[in-house]
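Colleague: Structure below; questions to follow.
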Amino acid sequence: MVEKGTFRVKSGLAEMLKGGVIMDVTTADQARIAEKAGSVAVMALERVPADIRAHGGVARMADPARVKEIMKAVSIPVMAKARIGHFVEAQILQALEVDYVDESEVLTPADPRFHIDKWAFTVPFVCGARDLGEACRRIAEGAAMIRTKGEPGTGNVIEAVKHMRLMNEQIRAVLAAPAEELVRLGKEMGAPHDVLLAIRETGRLPVVNFAAGGIATPADAALMMQLGCDGIFVGSGIFKSGDPERRARAIVQATTHYNDPKVLAEVSAALGEPMVGIAIEEIPPHEMMQVR
Amino acid sequence: MEIGVLGLQGAVREHLKSLSLLGVDAVAVKKAADLSPISGLVFPGGESTAIALLCSGGMLDELRRRARAGFPFFGTCAGMILLAKEIEGHDEAYIPAIDIAVARNASGRQVESFETSLDVEGIGNDVPAVFIRAPYIRRVGKGVTVLARHAGIPVAARQGNVLVTSFHPELTDDLRVHRHFVSMVEASSRKEVSA
């Protein structure tokens, strides 16, 4: 018997991406640069988060023609973003045979209350989370991979750090809690009970957890890896910098050798201008993407 | 006895766990210096292009030297690509250790990824096999034994001390494929000692 789209097959691809960097790309050329730099996958989208932030308006799934171009340009997995709750965008991306769908807060949400029922799909999904409750709810909906949200398009790592630390702290609490406190803990965190049980069984989140949202330098990538994430998403940080090729290679090296400050010092040198960052306090509350 | 898992990128943790469950000292290997204590090396699944880029310089030279010397290697998925003598669409092999030609992503994109169970020669029947954007073996040279096929296509093979699978035994609880590799490493170490 041959079974496609099982949870093991879906989460299995994410397991294969561990220790790697996934880069946002908007053109076939950028995708080729990312692949050559050692990226484990690319995220195809119309505009990088920094531009979405700058231009405003409604941000939607990328043009299928663009996604196809990118899929043709590289041999590594291609991911693409659908709006939160927009299951038809996800159906279209599945029909295009992208390798992962990112149900993403970077795009303008399509449903104010519900996320996509991801169990209904063969293609796997990655979703963002700011805390353990959010991660567990997405996993309960069928997400096969999680990424901490951070604050996309800022080049500012503080929110990614905040979310990763909070998730680690909450996982420790779940592991330490006596059995009789678990249901209450789940209620407080907004986390479905069965996912908490899975965490207690494996000692960690039952799916891979990457860091995202504000990573702009090799040191940022290594910081997130040392905090315990499984890999790195870089959105605007590469193609909004002065020398994307060098920076892409450096962030890949830093993600692998995150525990070796000598290598980090080497790869961080003379990379040219990083993307211009934004202080979180300067962002009006209604423009924060992470709360979506 | 220590067995290494190439720890640059990919399903490193899963291989370390499978080996540990078999009572082996399993260590992640990132640099050429990490290779000295180990008696065998696992090349995990991951992205072969990324792993190949990360595995350069002294590390690559040392792995190629060990390949020529018949050092025990086990490659799953991307690991199989790294160890193949020939890769379709590529001019050069990475660490040619087994005389096979492989095609990357031959099983298709992720929506075509699947799981099944296979009879694997010398290892057992109904071995659970998870194929993820898997490479297939297109040609096997003399001296290579095909250990398993899926739909007629070779998906596991062995030549001397080198074992490769298109699929991911490390994503399952079934330890038979890893046990087989551990016994290959043990046999090779015994030979070394008696020589």
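The values are calculated or read from the model by the stated rules, or taken from the named source; none is laboratory data. Quick caveat, the model's predicted, so the values are computed rather than measured. Methodologically, a virtual Cβ is constructed for each residue, glycine included, from the backbone with ideal geometry; neighbour enumeration extends over all protein chains shown. Surface accessibility is based on the protein's heavy atoms, side chains included, excluding ligands, DNA and RNA. Shrake-Rupley method; radii C 1.70, N 1.55, O 1.52, S 1.80 Å.
Colleague: As a test of the definition: with a 1.4 Å probe, what buried accessible area, both sides summed, do you compute for A against B, in Å² to the nearest 100?
Modeller: Using a 1.4 Å probe, the pair buries roughly 3100 Å².
Colleague: A follow-up question, please. What distance in nm separates the simple spin-label points at A:GLU181 and A:ARG32, each placed 7 Å from Cα in the Cβ direction?
Modeller: 5.7 nm
Colleague: Using a Förster distance of 60 Å, how high is the FRET efficiency between B:ASP126 and A:LYS262, based on the Cβ-Cβ distance and rounded to 0.05?
Modeller: The computed FRET efficiency comes out at 0.80.
Colleague: Near the amide H of B:GLY40, under 5 Å away, which other amide H atoms are found, from residues 5 or more places off or on another chain, if H is placed in the peptide plane?
Modeller: Result for B:GLY40 returns B:GLY4.
Colleague: Rounded if a/c is under 1.5, else prolate if a/b beats b/c, else oblate: with a ≥ b ≥ c from the C-alpha gyration tensor eigenvalues square-rooted, which is the protein assembly as shown?
Modeller: prolate
Colleague: May I pose another question? Taking the Cβ-Cβ separation of A:ARG113 and A:ARG165 as r and a Förster radius of 22 Å, what is the calculated FRET efficiency to the nearest 0.05?
Modeller: Efficiency at R0 = 22 Å is approximately 0.20.
Colleague: A further question on this structure: Given a 1.4 Å probe, how much area per residue of segment A:169-217 is accessible, in Å²?
Modeller: Computed with neighbouring chains in place, this is 50 Å² per residue.
Colleague: Report the antiparallel proportion of the DSSP beta bridges in chain B as a percent, rounded to a multiple of 5.
Modeller: That works out to approximately 50 percent antiparallel.
Colleague: Treating cross-link reach as a plain straight distance, find the aspartates and glutamates whose alpha-carbon is under 12 Å from the alpha-carbon of A:LYS240, omitting any fewer than eight places away in the same chain.
Modeller: Partners within reach: A:ASP24, A:ASP51, A:GLU273.
Colleague: So which lysines can A:LYS68 reach, going by Cα to Cα under 18 Å and dropping same-chain residues fewer than 8 places off?
Modeller: Reachable lysines: A:LYS81.
Colleague: So, one more: Dipole of the protein assembly as shown (Lys/Arg Cβ +1, Asp/Glu Cβ -1, origin at the Cα centre): which of B:VAL5, A:SER104, A:HIS286 lies farthest to the positive side?
Modeller: The residue sitting most towards the positive pole is B:VAL5.
Colleague: Looking only at other chains, what is the average number of their beta-carbon atoms within 10 angstrom of each beta-carbon in A:120-131?
Modeller: 1
Colleague: Applying the Karplus parametrisation 6.51 cos²θ - 1.76 cosθ + 1.60 with θ = phi - 60° to the phi angles of segment A:41-55, what ³J(HN,Hα) value in whole Hz is obtained for each residue in order, glycine and proline being reported as x?
Modeller: Couplings: 6, 10, 10, 7, 8, 6, 9, 6, x, 4, 6, 4, 4, 6, 7 Hz.
Colleague: Taking the solvent-accessible surface of protein heavy atoms with a 1.4 Å probe, what is the per residue accessible area of chain B in Å²?
Modeller: Each residue of chain B exposes 38 Å² on average to a 1.4 Å probe.
Colleague: According to the square roots a ≥ b ≥ c of the eigenvalues of the Cα gyration tensor, what is the shape class of segment A:185-292, taking rounded for a/c under 1.5, prolate for a/b larger than b/c otherwise, and oblate for the remainder?
Modeller: The shape class here is oblate.
Colleague: Name the residue farthest towards the positive end of the dipole of the protein assembly as shown from the options A:MET71, A:GLY237, A:PRO124, assuming +1 on Cβ of Lys and Arg, -1 on Cβ of Asp and Glu, about the Cα centre.
Modeller: Farthest towards the positive end: A:MET71.
Colleague: Could you go through segment A:88-104 in sequence order and give the Karplus-derived ³J(HN,Hα) for each residue, using 6.51 cos²θ - 1.76 cosθ + 1.60 with θ = phi - 60°, rounded to whole Hz, and x for Gly and Pro?
Modeller: The phi angles translate into 6, 4, 5, 4, 5, 5, 5, 5, 6, 6, 5, 8, 8, 9, 9, 7, 10 Hz.
Colleague: Among the DSSP beta bridges whose two residues both lie in chain A, what percent are antiparallel, rounded to the nearest 5?
Modeller: Of all bridge pairs located within chain A, approximately 0 percent are antiparallel.
Colleague: Now for a separate question. Dipole of chain B (Lys/Arg Cβ +1, Asp/Glu Cβ -1, origin at the Cα centre): which of B:ALA32, B:ILE153, B:LEU171 lies farthest to the positive side?
Modeller: B:ALA32
Colleague: Still on this structure, please answer the following. Take the solvent-accessible surface of the protein heavy atoms, probe 1.4 Å, and return the percent of it on segment A:212-292 that carbon and sulfur atoms account for.
Modeller: 53 percent
Colleague: Averaged across B:20-33, how many Cβ atoms of other chains sit within 10 Å of each residue's Cβ atom?
Modeller: 1
Colleague: Can you pick out the pairs among B:LYS30/B:LYS85; A:LYS18/B:LYS17; A:LYS10/B:LYS17; A:LYS262/B:LYS31; B:LYS85/B:LYS142 whose Cα atoms lie more than 18 Å from each other?
Modeller: Checking Cα-Cα distances, B:LYS30/B:LYS85; A:LYS10/B:LYS17 exceed 18 Å.
Colleague: Please compute the modelled spin-label separation between A:ARG172 and A:GLU287, points set 7 Å along Cα→Cβ, answer in nm with one decimal.
Modeller: A separation of 3.5 nm, rounded to one decimal place.
Colleague: Which aspartates and glutamates does A:LYS149 reach when only Cα atoms under 13 Å apart count, and residues fewer than 8 places away in its own chain are ignored?
Modeller: Output for A:LYS149: A:ASP102, A:GLU103, A:GLU105, A:ASP131, A:GLU134, A:GLU159.
Colleague: Evaluate the distance, in nm, between pseudo-label points positioned 7 Å from the Cα of A:VAL58 and of B:HIS90 along their respective Cα→Cβ axes.
Modeller: The modelled label-to-label distance comes out at 4.5 nm.
Colleague: On to the next question. About the Cα centre, and with charges only on the beta carbon of Lys, Arg (+1) and Asp, Glu (-1), how big is the dipole of segment B:2-194? Nearest 20 debye, please.
Modeller: Rounded to the nearest 20 debye, it is 380 debye.
Colleague: Quick check: residue separation of A:GLU245 and A:VAL2 times 0.36 nm, minus the Cα distance between them. What number comes out in nm?
Modeller: Fully extending the segment from A:GLU245 to A:VAL2 adds 83.4 nm.
Colleague: Local charge sum around A:PRO284 (other residues, Cβ-Cβ under 13 Å, Lys/Arg +1, Asp/Glu -1)?
Modeller: -3
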